[in-house]
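Where a number appears in this text, it was derived from the coordinates with a stated rule and is not lab data. Since this is a predicted model, take the numbers as computed values, not measurements. Cβ sites come from the backbone with ideal geometry, for glycine too, and all protein chains shown count toward neighbours.
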Amino acid sequence: MIIAQISDTHIALDTPDADRRLRDFAQTIADINALDPAPDVIIHTGDIVHNGRLDEYAEAVAILSKARAPVYVMVGNKDNRANLREAFSESRYFAPDSDFIDYAIDDFPVRLIALDTLNPSSNKGDFCRERINRLIELIDAETAKPVAVFTHHPPFEVSVGPDPLHFDSREVMSELASTLQQSGRVISVFCGHVHRSATGLVRQIPATVVPCIATTLRKGDYPADLQTCPIYHVHRFDPVWGFATESRIVRKQPQPD
């Protein structure tokens, strides 16, 4: 299977670069639509909008409606759970019995699990006991397939950037890592939040961070000709070798459909 991962679009309507953030997002979706072979899914790993407002989500929903592949969204630290649920109310994968936005998708050779690491009082991630129990249930509900986990905050130390830890405490991050490892079936963890590309390990599980789509907020050094080009990840799964990840540069700046 093929997964297109995007993250950190930070749609805002009241910033000097608001139009550019919208354009970066729309051009990225157009580029994903042009992939051959096409991806099976598009997963947005959070910070869809910047202020958690419904009018921002309306812009994001309009852009994502152009996607040809099924789209799954997650909550980031800039998102608002209630407004995200309202904006994506037609989605059927959100769990109706929980305030958290976590779920599993079973339609593919790999079971896809989305985690909610939002702490409304901090930009860093949190993972309480209730969410740990829910994660265990999501993993154990199906035992035949390998599992790929998507989370906004990376549950491993990111050596680039000013702060290597992106959870409220090392203990929370360690407990989440232990939970991810205990089944032996989680084969990859895919993250956002850091606004730059990074790789690491969650114990023994390979993990990657995708750069932010909003080019004005992206971290790291890029050549001049790439500074306005959004970058996203394409994850290709092979049942023998697992996932291989490609960084896709939106060079041609295609116009959305």
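Quick notes on this one:
- Unit Cα scatterers, Debye sum, the stretch 1-115: log10 I(q)/I(0) for q = 0.16, 0.19 Å⁻¹: -0.72, -1.01
- Mean residue ellipticity at 222 nm, helices only, the chain: -7000 deg cm²/dmol; runs of at least 4 DSSP H residues each add -39,500 (n - 2.57), and the sum is divided by the number of residues.
- Beta bridges assigned by DSSP with both partners in the chain are antiparallel in approximately 50 percent of cases.
- Modelled FRET efficiency - R0 51 Å, THR228 with ASN119, Cβ distances, 0.05 increments: 0.95
- Among the lysines of the chain, pairs at least eight places apart or on separate chains and with Cα atoms under 19 Å apart come to 4.
- Of MET173, MET1, the sequence from fewest to most neighbouring Cβ atoms within 10 angstrom is MET1, MET173.
- Global form of the stretch 67-126, assessed from the alpha-carbon gyration tensor, a/c cut-off 1.5: prolate
- Counted by neighbouring Cβ atoms within 10 Å, the residues PHE243, PHE127 run from fewest to most as PHE243, PHE127.
- Taken over the stretch 87-170, the percentage of Cα pairs per 5 Å bin, counting from 0 up to the bin with the maximum distance, is 3, 13, 22, 22, 18, 13, 7, 2, 0.
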